[in-house]
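One structure is given here, and the rest of the page talks about it.
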Amino acid sequence: MGIASLVLGIISIVIGVFSAGSLGWVGAVIGIIGIVLAIQGKKIPDQANLSQAGFICSIIGTVLCLLTYIACVACVGCLALLA
Amino acid sequence: MIPWYGLFIVLGVAAGAVAGYFLIRRNHMEFDDFIQIACFVGLGAMVGAKLLYLIVSWRSIDFSRITDLEYLNALMGGGFVFYGGLLGGLIGLYLCGKILHIPVLDYARVSIPVIPLVHAFGRIGCAFVGCCYGVPYDGPGAVVYTESIAAPTGVPLFPVQAVEVAGNLVIAVVLGLYGEICRRNGKRLKSLQLYLILYAAFRFVLEFVRYDDSERGILMGLSTSQWISIVICAVVIVTEILSHRRVSGTV
């Protein structure tokens, strides 16, 4: 659980930093799953430290991805431009 | 360029986490469980909000280009509908209870003021971006966008986003006070039902002063959100009557 959350957290940070504009939705989903796994991992004493690191990385990654991904109905206009 | 909408959603989630922390601690519950529930609800809300957006704007989608990665990403990035998020969030809540065996309804009843709080921040983002705009209006408080990818520029508009921000904050405060009063008197919380009724009624009225109907669909003179508001109110009222009768029947 701890390693999985850390890996997912790092992946979401990488997506958030390098390609949140296009893949932010993937990064946000990965980051949120990482947070859930980290909390599950914190309950296992051996994995508490790794899980804590995974928790922090997942939160940072999720925030980075959400920042650039989430757009409101405003972006209907963007679709029209692409069509 | 600053992504205003995303920024305010992130600020809203942060404010919601702080408010949730105090609400959960005050009711002697586990904050870690609250975060897990929030994650499930958040995922469900993202999926639901996106699905309803795709449904209401399906006419503008070019399905022949759905395998084009650039187009797919634009489609996934462009637009969320709050009511879809609400329904998706409820499904996420149900799944969380089933998968993680957490008493999700108890947590939801206590932390429900967090939803209108986060929603209020989202609407501030709308006001900055210019989406979810109001009808043309030149009275006090009218807003004029000089640059917006959604709202008509140079036209005075009703500040519907600001009204929704204020309304959501009032709903959050009412729910918070209601929860506190119930906790002190040892009464069973019905904050979920109260929130759904308050927001649905408020949204139904607000829809009359929104001007982005063409982007969201109209059916028999009412917008998609107004129809959803009617359905939500009907479902809550019917389930409450049935539940009241069941309780009266067993006493």
If B:Tyr94 satisfies every condition in (1) touching a Ser or Thr at 6+ places or on another chain (Cβ under 9 Å); (2) among the aromatic types (Phe, Trp, Tyr); (3) surrounded by fewer than 21 Cβ atoms within 10 Å (Cβ to Cβ) but one, which is the exception? (1)
I want to confirm something. Restricting to segment B:144-159 and keeping residues that are under 25 Å from the mean Cα position of the chain (by Cα) and modelled with pLDDT of 90 or more, which single residue is least open to solvent (accessible area, probe 1.4 Å)? B:Leu157
Kindly indicate whether A:Ser22 is assigned to a helix (DSSP H, G or I) and at pLDDT 85 or above. no
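Have a look at B:Leu11, B:Leu51, B:Leu7 and point out the one that is more than 11 Å from chain A (Cβ to nearest Cβ) and open to solvent by 40 Å² or more (accessible area, probe 1.4 Å).
Result: B:Leu51 is the single residue among B:Leu11, B:Leu51, B:Leu7 that is more than 11 Å from chain A (Cβ to nearest Cβ) and open to solvent by 40 Å² or more (accessible area, probe 1.4 Å).
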Would you check if there is a residue in segment B:202-211 being in a loop (DSSP other than H, G, I, E, B) and basic (Lys, Arg)? no
Meets criteria (more than 30 Å from B:Arg59 (Cβ to Cβ) and among the polar types (S, T, N, Q)) for B:Ser191: yes
Just checking, does segment B:59-81 include any residue being in a helix (DSSP H, G or I), within 17 Å of the chain's Cα centre (by Cα) and crowded, with 17+ Cβ neighbours inside 10 Å? no
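The values are calculated or read from the model by the stated rules, or taken from the named source; none is laboratory data. Note that this is a predicted model, so its numbers are computed, not measured. Here Cβ is always computed from backbone atoms with ideal geometry, including for glycine, and neighbour counts include all displayed protein chains. Ligands, DNA and RNA are excluded from the accessible area calculation, which covers all protein heavy atoms including side chains. Shrake-Rupley method; radii C 1.70, N 1.55, O 1.52, S 1.80 Å.
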